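Enquirer: Take a look at this one; I'll ask things after.
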There are 2 protein chains.
Amino acid sequence: MKTKIGILGYGNLGRGTEIAVAQAEDMELVAVFTRRDPAKVSILTDNVPVVHVDEIADWADKIDVLVLCGGSATDLPVQTPKYASLFNVIDSFDTHARIPEHFANVDKAAKESGHVGMISVGWDPGLFSLNRVYANAILPDGQDYTFWGKGVSQGHSDAVRRIQGVKNAKQYTIPVDEALEAVRSGKNPELSTRDKHLRECFVVLEDGADAAKVEKEIKEMPNYFADYNTIVHFIDEDEFNKNHSGMAHGGFVFRSGKTGLNKENNHIIEYSLKLDSNPEFTTSVIIAYARAVKRMADEGQTGCKTVLDVPPAYLCPVSGEELRAHFL
Amino acid sequence: MKTKIGILGYGNLGRGTEIAVAQAEDMELVAVFTRRDPAKVSILTDNVPVVHVDEIADWADKIDVLVLCGGSATDLPVQTPKYASLFNVIDSFDTHARIPEHFANVDKAAKESGHVGMISVGWDPGLFSLNRVYANAILPDGQDYTFWGKGVSQGHSDAVRRIQGVKNAKQYTIPVDEALEAVRSGKNPELSTRDKHLRECFVVLEDGADAAKVEKEIKEMPNYFADYNTIVHFIDEDEFNKNHSGMAHGGFVFRSGKTGLNKENNHIIEYSLKLDSNPEFTTSVIIAYARAVKRMADEGQTGCKTVLDVPPAYLCPVSGEELRAHFL
C-alpha cells in the first residue's frame, strides 16, 4: 500500500515535491491543492486532480501526508497549524527565529486532532541542523561554522531589485575559499561576516540609469551588503536570462572540536551540499521525511516534530534488517 | 542526577571513553572493569575503582550504561550479549559482515533481560552509516562513494609485520585526490580499488634483511596490497617511533544523485572526518550514544539498537526546546 501524498501550493516547491514523489516507489500523489483556479494549474503527473483549496476538507481520509509548499513569511504560519487539524502535515518553514513559536502552534493543533505535524524540513533548517546537533553532541568542546553557497539569495536579489534604476538582479552568496581552508585545516579561526562570504550581483539596468550610483547604493546598503565585500556586474537582459536563471545552491557545516586529557587532539567534521536545484533537493528531503511522518502517525504519535526527533531508519522504505546489512 | 558509566576493557578505547566521560557534564565514571590484575591497571580519574571483571555482576544496579571496549574479532561477539543480560550496554563492533548476527544475539539477550544493547557505534560503522542512510533516503537515484584516510590500517600494518625480515611497520591508507575531485565535481566516476586509495608503508627492517625482497613481497601480497598502488619506505627505528606513533584517521562519504523530470539535476552530499585521534573520536561518539541508551532504557525500550534507531535529539544533554531554538 503506497503512502498517499497531497500537495498544497504549486510553485517551485510544489513541482519539486511532485517530482520527488514520482521517484519514490512507495508513494503516490493523490491531489494537488491550489488557491488559484484549478483549471489554470497544469501539473506534470497524469490522472491526478488539481483541486481548489476550499475543498480540501473532503480529502481528509484520502491523504496520508499533506506537503505544505507555501512560503515561510505569511503562508506556513497560518497553513501548518490549520491543516494539522485535518491531516498529517509537513512543511519547510525556514524563518529560524520564529521556529519555537511555529512549533508551539503546530504542536497544539496536531495534538488536539491526533495528527503528526513536521516542520522546518529541508537543508537549512533540516540537514544542516542535524549535522550541527550530531557534531555538538559528539564534540562538546568546539566551534561551529556554517557557510552558504555558492547560490542565489532571494532576499538579497529582491533588495537589489528595489533600487531605482534596476530592472532585474540576481545576487549570489559565495563562501570565501581562504576561510573554508582555514576552518578545514583546524586553525579554528575567528571569522568576521566579511571574512566568510562574498556577495556577487548581476544587474540589468533600466534605460538611462546611472550604473555608478546603483553600484554605490548596493555596496553601501546596510545589513544586506555594507558588511560584505560585494562585486557588482552590469549585464544585458539576454545574458541575464541565459546565465542567471538557475537555482543551484549549497553550503558547508563544520565543527572543529578538541578531545584529550590536555585537549591536544583536534577533530574536524565537515558536511557539505552542492545542489543543482535548490527546490528539487529541498523537496527530496521533505519526501524522505514524509515517509517518517506516516510511520510516526501509524505508531500513534501526535504533535509537532522536527528532523531532530526522527530516527534515521524511518526515512527509508526498506526494513531495519536490510539497512543493517547494507548500510551500517 | 548524572548518568553512571562503567567501562569494560582499558586499552585505547577504554582510555578514550574515560576522557570523553570527563568532558560530559551530565555523566560520571563509576568503575573500570578489567581482565587483568586491577592493582596493575592505572587509570586517569581519581577515586574511581578498577575492578576485576569477575565481580562485575555486583555492579548491576550501580551502572546506567556499560561501555564495552573490547575488540570486534573475539571479545565483543561474546561480551555484548553476555553483559546485556546485566546492564544496558554499548559497543563499537565493526566487523561489517557480521553485524546482522551480532545484532540478533544482542537483541535476544537484551530483550530477555529488559535492557538496551546498542552496537556498532563509532564512525564507520556509525557516523558514516548514518550519512549513507540519510543520503540514500533523500537521493534514491544515485551512487555512494566511501573513502578512508589518511589513516593507519591496523590490519594492513599487521600483514606487513608478519613478513620475514620486518621488525616493525605502519601502513597508511590514503584516498587518491583525483578520485575525490572527480566525485566532488559530479562526474559519477566508476572507480576501481586502485583508483580510490593509495597504500603507503613505513618499514623498519631486521638487521641483514633484504629490502628489495620485502618490498616485492608487500606489493604483491594478495587482497592486502596487490590491487593497490603501494609505496614502501624503509626507515630506522628512531624515525619510526618519532613520526609513526600517531593515531590520526578520517575519511569521506559521498552520495551523488539525480533529480528532475529528466534527471537533469545532480546533487552532491559530502561528509568527511579529519581526526587527530581515532580512538578518542570513536569514544566521543560512543559517549553521545550512551546518553541515548540511557534515555531509551528510561522510556522502557529494550533490545538491540543501532545508530539508525536513534533520534538525533537523544544524543544531547539539553532539552528539545533548547535544541530547536539554537540548532534548528
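Enquirer: Find the residue count for the range B:285-304, including only residues that are facing chain A (nearest Cβ under 9 Å) and open to solvent by 10 Å² or more (accessible area, probe 1.4 Å).
Expert: 1
Enquirer: Go through (1) more than 10 Å from chain A (Cβ to nearest Cβ); (2) in a helix (DSSP H, G or I); (3) free of Cβ contacts under 8 Å to residues at least 40 places away in the same chain and name the single condition B:Ala313 misses.
Expert: In the conditions (1) more than 10 Å from chain A (Cβ to nearest Cβ); (2) in a helix (DSSP H, G or I); (3) free of Cβ contacts under 8 Å to residues at least 40 places away in the same chain, B:Ala313 misses (1) alone.
Enquirer: For the structure I just gave you, tell me whether B:Asp158 is open to solvent by 40 Å² or more (accessible area, probe 1.4 Å) and assigned to a strand (DSSP E or B). Working first, answer last.
Expert: Values: open to solvent by 40 Å² or more (accessible area, probe 1.4 Å): yes; assigned to a strand (DSSP E or B): no.
So B:Asp158 does not fit the description; no.
Enquirer: Counting only residues that are open to solvent by 70 Å² or more (accessible area, probe 1.4 Å) and not in a helix (DSSP H, G or I), which one in the range A:232-255 is nearest to A:Tyr134 (Cα to Cα)?
Expert: From the range A:232-255, those open to solvent by 70 Å² or more (accessible area, probe 1.4 Å) are A:234, A:236, A:238-239, A:241-243, A:245, A:247; that's our starting set.
Right, trim to not in a helix (DSSP H, G or I) and you get A:234, A:236, A:245, A:247.
Details: A:Phe234: 43, A:Asp236: 46, A:Ser245: 35, A:Met247: 28 Å.
Out of the qualifying residues, it is A:Met247.
Enquirer: Which numbered condition trips up B:Lys258, out of (1) surrounded by fewer than 22 Cβ atoms within 10 Å (Cβ to Cβ); (2) at the interface with chain A (Cβ under 7 Å from one of its Cβ atoms); (3) assigned to a strand (DSSP E or B)?
Expert: That leaves (2) as the condition not met.
Enquirer: Kindly provide the set of residues from the range B:92-109 that are of a type outside the set (A, V, I, L, M), in contact (Cβ under 8 Å) with a residue 60 or more places away in the chain and out of contact with any Lys or Arg (no Cβ under 8 Å at 6 or more places or on another chain), ordered by number. First the steps, then the outcome.
Expert: The initial filter retains those residues of the range B:92-109 that are of a type outside the set (A, V, I, L, M), namely B:92-96, B:98, B:100-103, B:105, B:107-108.
This time we only want the ones that are in contact (Cβ under 8 Å) with a residue 60 or more places away in the chain, so: B:92, B:103, B:107.
B:Ser92, B:Asp107 - these are the residues of the range B:92-109 that are of a type outside the set (A, V, I, L, M), in contact (Cβ under 8 Å) with a residue 60 or more places away in the chain and out of contact with any Lys or Arg (no Cβ under 8 Å at 6 or more places or on another chain).
Enquirer: Can I ask one more? I'd like the residue in the range A:193-207 that is surrounded by fewer than 16 Cβ atoms within 10 Å (Cβ to Cβ) and touching a residue at least 24 places away in the same chain (Cβ under 8 Å) and, out of all such residues, is nearest to the other protein chains (Cβ to nearest Cβ). Steps first, please.
Expert: Of the range A:193-207, the ones surrounded by fewer than 16 Cβ atoms within 10 Å (Cβ to Cβ) are A:193-195, A:206-207.
Remaining after also requiring touching a residue at least 24 places away in the same chain (Cβ under 8 Å): A:193-194, A:206.
Numbers: A:Thr193: 20, A:Arg194: 24, A:Glu206: 33 Å.
Checked the range A:193-207; the qualifying residue nearest to the other protein chains (Cβ to nearest Cβ) is A:Thr193.
Enquirer: Among the residues of the range B:135-148, are any of a type in the set (Asp, Glu) and within 14 Å of chain A (Cβ to nearest Cβ)? Quick ask: steps written out before the conclusion?
Expert: We begin by selecting, within the range B:135-148, every residue of a type in the set (Asp, Glu); these are B:141, B:144.
Those left that are additionally within 14 Å of chain A (Cβ to nearest Cβ): B:141, B:144.
Yes, there is a match, as at least one residue in the range B:135-148 is of a type in the set (Asp, Glu) and within 14 Å of chain A (Cβ to nearest Cβ).
Enquirer: For the range A:17-29, how many residues are open to solvent by less than 30 Å² (accessible area, probe 1.4 Å), more than 11 Å from chain B (Cβ to nearest Cβ) and either part of a loop (DSSP other than H, G, I, E, B) or out of contact with any Ser or Thr (no Cβ under 7 Å at 6 or more places or on another chain) (or both)?
Expert: So the count comes out to 1.
Enquirer: So, one more: On the given criteria, is A:Lys82 surrounded by fewer than 20 Cβ atoms within 10 Å (Cβ to Cβ), part of a helix (DSSP H, G or I) and not small (Gly, Ala, Ser)?
Expert: The answer is yes for A:Lys82.
Enquirer: Let me ask something else. Taking B:Glu215, is it free of Cβ contacts under 8 Å to residues at least 60 places away in the same chain, open to solvent by less than 40 Å² (accessible area, probe 1.4 Å) and more than 14 Å from every other protein chain (Cβ to nearest Cβ)? Steps first, please.
Expert: On the way: free of Cβ contacts under 8 Å to residues at least 60 places away in the same chain: yes; open to solvent by less than 40 Å² (accessible area, probe 1.4 Å): no; more than 14 Å from every other protein chain (Cβ to nearest Cβ): yes.
When the stated conditions are applied, B:Glu215 does not pass them.
The values are calculated or read from the model by the stated rules, or taken from the named source; none is laboratory data. Just so we're clear, the structure is a prediction, and the values are computed from it rather than from any experiment. Because the Cβ atoms are built from the backbone with ideal geometry, glycine has one as well, and the counts that use them run over all protein chains shown. Just so you know, the surface numbers come from the protein's heavy atoms only, side chains and all, with ligands and any DNA or RNA stripped out. Shrake-Rupley method; radii C 1.70, N 1.55, O 1.52, S 1.80 Å.
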